[in-house]
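Peer 1: The structure that follows is given in the form of structure tokens.
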Amino acid sequence: MSGAPPATKPVMSSSPSLWTRLSNPSHFMRWSGTLVPWLTLLSALLLAVGLYLAWFVAPPDYQQGETVRIMFIHVPAAWLGVFFYGAMSLSAIGTLVWRHPLADVAQRAAAPIGAAFTLVCLVTGSLWGKPMWGTYWVWDARLTSMLLLFLIYCGLIALWRTIEDPNRAARAVAILTLVGAVNLPIIKFSVNWWSTLHQPASILRMGGPTIDPSMLYPLLVMIAAATLGGSTLHLYAMRTEVMRRRVRTLTIREAERLDAGRPRVAPAASLPLGQPL
Amino acid sequence: MRLSVEELACRRSGRRVFTGLSFALRPGEALAVTGRNGAGKSSLLAILAGRLRPDAGQIRVADVGEASLPECLHAVGHRDGLKAALTAGENLAFARALLGDARMEPRAALARLGLGHAHDLPVAYLSAGQRRRVALARLLVCHRPLWLLDEPTAALDVASQALLAELMAEHRAAGGLIVAATHQALGLEDAATLAIAAPEPGLDRPSPTPDRDADWRDADVEDWA
Amino acid sequence: MSRALLALIARDLALATRVGGSGALSLVFFLMIVALVPFALGPDLNLLSRIGPAILWLAAVLATLIGLDRLFQADDEDGSLDLMSAAPVPLELVVLAKVVAHWLTTGLPLALASPLFGLLVALDGTGMGATALTLLAGTPALTFIGAVGAALTASIRRGGLILAVLVLPLMVPTLIFGVSAAESASGGTVPFTTPLAILAGLSLIAAVVGTLAAAAALRWSE
């Protein structure tokens with residue numbers, strides 16, 4: 001095509017951008033490798049302080065007694081369950097808009113951690129429910145919302161495991177994550193509505209804003225420790241995922257290299273006519 | 001319409017299929033894409049049809065106004081895009097309404113392919129060769145300047161292959177473009193040939209645009225210890 | 001543009017009525033679930049009429065899932081999707097047309113047939129009318145949410161099970177407001193129109209989000 005006229009327009013192109021250059025996993029592995037031991041140490045310390053405050057400093061509740069201490073695990077777990085969904089939604093935007101490889105890694109690493117903490121929240125909530133409500137499960141609005149969040153996490157993880165090609169899987173999961181993110185407030189709202197329609201009013205509300213400062217500070221420390229510890233776990237998981245992809249790429253390369261050593265098949269022209277590619 | 005492709009690279013499931021493909025087509029020109037099975041002939045056509053994202057490189061079209069590349073082309077491949085429950089005529093009428101720029105009536109197009117009798121038959125009743133001819137009749141019911149043909153002679157008998165060669169010659173005479181992935185350059189003897197070879201393993205040709213998966217490959221080994 | 005979309009809707013409607021179409025099948029499945037419930041709960045008409053709207057809604061949710069897995073998969077397998085992506089119409093509108101056609105052959109018959117099936121669970125006249133109205137307003141939301149799952153699983157073989165796992169949690173709000181609207185019509189503390197309006201709102205949100213997400217999932221799906 002000699003002397004391309006100005007009418008020529010690119011149909012599609014992939015040009016280098018700042019994001020492409022920033023998305024270098026080598027850089028990520030370097031700084032995360034330095035950071036991770038310190039973060040581990042710091043979150044362990046914070047967790048020790050938080051647990052000490054929760055066990056020995058915070059007073060037992062005048063109504064619930066010692067069982068209120070479940071709250072110090074339950075509430076941070078619930079927060080992390082939501083926190084990691086938020087992290088996944090941001091990563092999903094990174095995957096879809098900038099096609100940033102690390103965004104996909106971050107999203108994939110966050111899903112099992114978020115699901116695990118949501119499960120912890122459900123289990124502790126259920127254990128807390130037994131002494132408080134006399135039964136392990138009550139269709140309380142908050143527990144129900146968390147259950148649905150857990151189911152959405154399960155769906156996302158299942159979708160990942162179904163699609164073989166990592167790039168396609170990343171895209172599909174990112175779309176579903178964002179659809180879920182739009183839906184979560186609606187689910188929360190509708191479950192609250194449903195709950196007020198059906199729930200007997202006698203049930204004791206958990207937590208609430210009227211929490212006493214003597215319990216609030218240990219709880220805040222625990223939430224901070226959980227956030228830091230969860231983020232550290234996330235970094236670990238991201239490093240594992242980067243390495244897993246490197247292994248995949250190297251394996252494919254090795255297969256290509258070995259394939260090249262083998263004599264070529266008969267030239268294409270002698271193949272039967274109309275053989276599909 | 002003119003089409004130019006520069007330094008196109010394709011990767012599927014992390015596997016490099018081809019790198020550095022370039023070609024340009026002017027009105028009336030055709031390109032026969034050859035290569036061994038798995039070399040990426042279908043992948044190249046899928047990228048041109050907009051179904052697959054290229055790993056690197058550029059595709060440019062000119063002289064087509066505001067239309068995007070997928071709106072300028074007909075693609076006929078081994079998935080024929082026909083609904084078995086609908087009649088041949090209904091399938092073509094649907095394609096005609098969907099793709100726009102209608103030309104021949106479905107009945108006339110089928111007659112041209114020697115399938116006039118099949119107009120009211122459900123496609124499920126047709127043989128593989130007849131289905132392929134119905135799919136080829138789609139080329140005639142709407143006008144699209146670029147034809148992407150993936151193994152167009154598959155399942156066709158000799159007479160139909162000659163007919164296809166005739167149709168391609170007419171299309172090119174009217175200024176149309178053809179990109180055909182084929183083992184048999186029937187009717188495209190005068191066309192340029194693009195042979196896709198497997199990329200040399202380990203020897204990554206320096207690409208003008210960075211390759212997404214290079215990030216995974218090039219990370220220093222020491223980082224992983 | 002509108003000609004292309006009408007052709008698409010007409011084609012999908014024709015396909016639903018021909019051999020292999022799933023148009024009537026989801027209706028039969030709907031009837032099947034409604035008929036199963038009394039076998040599980042016992043033929044107590046008072047109980048059945050109390051939970052009648054809930055049964056019909058649950059059946060509608062499950063019946064919507066039937067046939068959804070083929071919504072885009074069938075077109076993906078035989079190459080029709082490639083044809084549609086070559087149309088001079090945005091893929092979003094193609095998706096919209098296909099989902100509308102799907103709703104016309106599954107959701108709409110379901111809503112229209114629900115008063116008849118309401119007889120089986122001893123709904124009174126008001127209950128039947130209200131349930132039919134809520135299904136009319138709410139089944140589009142179910143179909144559009146399901147379309148996202150259908151698009152995501154279009155190229156997965158045997159994607160039906162994972163489709164259900166993906167979309168059912170997202171259908172919970174529609175189910176809640178559908179049932180609560182239908183129940184509030186035959187007595188209750190909430191006026192009928194409040195949950196009905198929310199239900200219609202959910203359908204509109206699902207139409208926008210579902211169309212965009214499904215088109216994004218189909219584009220570059222390979």
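Peer 1: May I have the convex hull volume per residue, in Å³, for the Cα set of the stretch C:124-191? Let's see the in-between values first.
Peer 2: Working: hull volume 5.8 nm³, N = 68.
Value for the stretch C:124-191: 86 Å³ per residue.
Peer 1: Then there is this: P(r) tail for chain B, what percent of Cα pairs lie past 24 Å? Kindly include the intermediate steps, with their values, before the conclusion.
Peer 2: Working: 11881 of 25200 pairs.
Here the long-distance tail beyond 24 Å is 47 percent of all Cα pairs in chain B.
Peer 1: Here's a follow-up. Could you list log10 I(q)/I(0) for the stretch A:114-183 at q = 0.17, 0.18 Å⁻¹, which the Debye formula gives when each Cα is one point scatterer?
Peer 2: Debye curve over Cα of the stretch A:114-183, log10 I(q)/I(0) at q = 0.17, 0.18 Å⁻¹: -0.67, -0.72.
Peer 1: With chain B treated as a Gaussian network of Cα nodes joined by springs under 10 Å, which of B:Arg15, B:Arg138, B:Arg107 yields the largest mean-square fluctuation?
Peer 2: B:Arg15
Peer 1: Short version: ³J(HN,Hα) in whole Hz for each residue of the stretch C:90-98, in order, from phi by Karplus 6.51 cos²θ - 1.76 cosθ + 1.60 (θ = phi - 60°), x for Gly and Pro, what are they?
Peer 2: x, 4, 4, 6, 4, 4, 4, 4, 5
Peer 1: Let me ask something else about it. Can you give the FRET efficiency to the nearest 0.05 for B:Arg12 and A:Met243, using r as the Cβ-Cβ distance and R₀ = 22 Å? It would help to have the intermediate numbers written out before the result.
Peer 2: Details: r = 23 Å, r/R0 = 1.03.
For B:Arg12 and A:Met243, the calculated efficiency is 0.45.
Peer 1: Give the dimensionless ratio obtained when the Cα radius of gyration of the stretch B:85-144 is divided by 2.2 N^0.38 Å. Could you put the intermediate results ahead of the total?
Peer 2: Working: Rg = 10.1 Å, N = 60, 2.2 N^0.38 = 10.4 Å.
With N residues counted in the stretch B:85-144, Rg over 2.2 N^0.38 Å equals 0.97.
Peer 1: Given a 1.4 Å probe and the protein chains all in place, what does the accessible area of C:Leu142 round to, in Å² to the nearest 10?
Peer 2: That residue has around 0 Å² of solvent-accessible surface.
Peer 1: What list of ³J(HN,Hα) couplings, whole Hz, do you get for the stretch C:134-149 from phi and the Karplus terms 6.51, -1.76, 1.60, once you set θ to phi - 60° and write x for glycine and proline?
Peer 2: Karplus-based 3J(HN,Hα) across the stretch C:134-149 equals 5, 5, 4, 7, x, 5, x, 4, 4, 5, 5, 4, x, 4, 4, x Hz.
Peer 1: Let me ask another. Other chains near C:155-168: what is the mean number of their Cβ atoms within 10 Å of each residue's Cβ? Display every interim value, and only then the final one.
Peer 2: Details: counts 4, 5, 1, 1, 2, 0, 2, 6, 2, 1, 9, 12, 3, 4.
Across the residues of C:155-168, the mean count of other-chain Cβ atoms within 10 Å is 4.
Peer 1: So what are the ³J(HN,Hα) numbers for the stretch B:157-171, from phi and the Karplus equation (6.51, -1.76, 1.60; θ = phi - 60°), rounded to whole Hz, Gly and Pro as x?
Peer 2: With the stated coefficients, the stretch B:157-171 comes to 7, 4, 4, 5, 5, 5, 5, 4, 4, 5, 4, 5, 4, 4, 4 Hz.
Peer 1: Placing +1 at every Lys and Arg Cβ and -1 at every Asp and Glu Cβ, with all other atoms neutral, what dipole size does the protein assembly as shown have around its Cα centre, in debye to the nearest 20? Write down the numbers at each step before the final one.
Peer 2: Details: 57 positive and 51 negative charges, 86 e Å.
Around 420 debye, computed over the protein assembly as shown.
Peer 1: Probe radius 1.4 Å, ligands and nucleic acids ignored: give me the carbon and sulfur share of the accessible area of the stretch C:33-162 as a rounded percent. Intermediate values should be presented prior to the final figure.
Peer 2: Values: 3260 of 4660 Å².
Accessible surface attributable to carbon and sulfur in the stretch C:33-162 totals 70 percent.
Peer 1: In chain B, if the dipole is taken from +1 on Lys/Arg beta carbons and -1 on Asp/Glu beta carbons about the Cα centre, which of B:Val123, B:Leu164, B:Thr182 is farthest to the positive end?
Peer 2: Highest projection toward the positive end goes to B:Val123.
Peer 1: Here's something else I'd like to know. Counting only C-alpha contacts under 8 Å and six or more residues apart, can you give the relative contact order of the stretch C:2-218 as a whole percent? Mind dumping the intermediate values first?
Peer 2: On the way: 282 pairs, mean separation 56.9, N = 217.
The normalised contact order for the stretch C:2-218 reaches 26 percent.
Peer 1: Something else now. Can you give the three extents of the C-alpha atoms in the protein assembly as shown along their principal axes, from longest to shortest, in whole Å?
Peer 2: Taking max minus min along each principal axis of the Cα atoms, the protein assembly as shown gives 93, 72, 46 Å.
Peer 1: Follow-up. Would you mind giving the total buried accessible surface between chains B and A, with a 1.4 Å probe and ligands, DNA and RNA left out, rounded to the nearest 100 Å²? If you can, show how the numbers build up before the last one.
Peer 2: Working: alone 11870 and 17560 Å², together 24760 Å².
Chains B and A together bury roughly 4700 Å² of accessible area.
Peer 1: So, one more: Mind jotting down the three principal axis lengths of the stretch C:1-114 based on Cα atoms? Whole angstrom, largest first.
Peer 2: In descending order, the Cα extents are 57, 23, 19 Å.
Peer 1: Measuring with a 1.4 Å probe in the full set of protein chains, what accessible area per residue, in whole Å², belongs to the stretch B:85-144? Don't jump to the answer; show the numbers that get you there.
Peer 2: Working: 2150 Å² over 60 residues.
Ligands and nucleic acids excluded, the result is 36 Å² per residue.
Peer 1: For the C and B pair, go ahead and give the buried accessible area with a 1.4 Å probe, both sides summed, in Å² to 100. Write out the running numbers ahead of the final one.
Peer 2: Details: alone 10950 and 11870 Å², together 20450 Å².
For chain C against chain B, roughly 2400 Å² becomes buried.
Peer 1: Follow-up. When the accessible area of chain B is split by element with a 1.4 Å probe, what percent falls to carbon and sulfur? Please report the intermediate quantities before stating the final value.
Peer 2: Working: 4350 of 8410 Å².
Carbon and sulfur atoms account for 52 percent of the accessible area of chain B.
Peer 1: With 32 Å as the cut-off, how large is the P(r) tail for the stretch C:2-218, expressed as percent of Cα-Cα pairs?
Peer 2: Numbers: 4295 of 23436 pairs.
Summing the P(r) of the stretch C:2-218 above 32 Å gives 18 percent of all pairs.
Peer 1: Compute the accessible area per residue over the stretch C:2-218, keeping the other protein chains in place, probe 1.4 Å, unit Å².
Peer 2: Details: 8220 Å² over 217 residues.
Per residue, the stretch C:2-218 has an accessible area of 38 Å².
Peer 1: Compute for chains C and A the buried accessible surface, both sides summed, probe 1.4 Å, and express it in Å² to the nearest 100. Walk me through the numbers on the way to the answer.
Peer 2: On the way: alone 10950 and 17560 Å², together 26180 Å².
Using a 1.4 Å probe, the pair buries roughly 2300 Å².
Peer 1: In peptide B:91-100, what is the residue-averaged number of other protein chain Cβ atoms found within 10 Å of each Cβ? Write down the numbers at each step before the final one.
Peer 2: Values: counts 3, 0, 3, 9, 7, 3, 9, 14, 8, 6.
Across B:91-100, the average partner-chain Cβ count within 10 Å equals 6.
The values are calculated or read from the model by the stated rules, or taken from the named source; none is laboratory data. Owing to the predicted nature of the structure, the values given are computational and were not obtained by experimental measurement. Don't worry about glycine lacking a Cβ; one is built from the backbone with ideal geometry, like all the others, and counts go over all protein chains shown. Remember, those area values only see protein heavy atoms, side chains included, never the ligands or the DNA or RNA. Shrake-Rupley method; radii C 1.70, N 1.55, O 1.52, S 1.80 Å.
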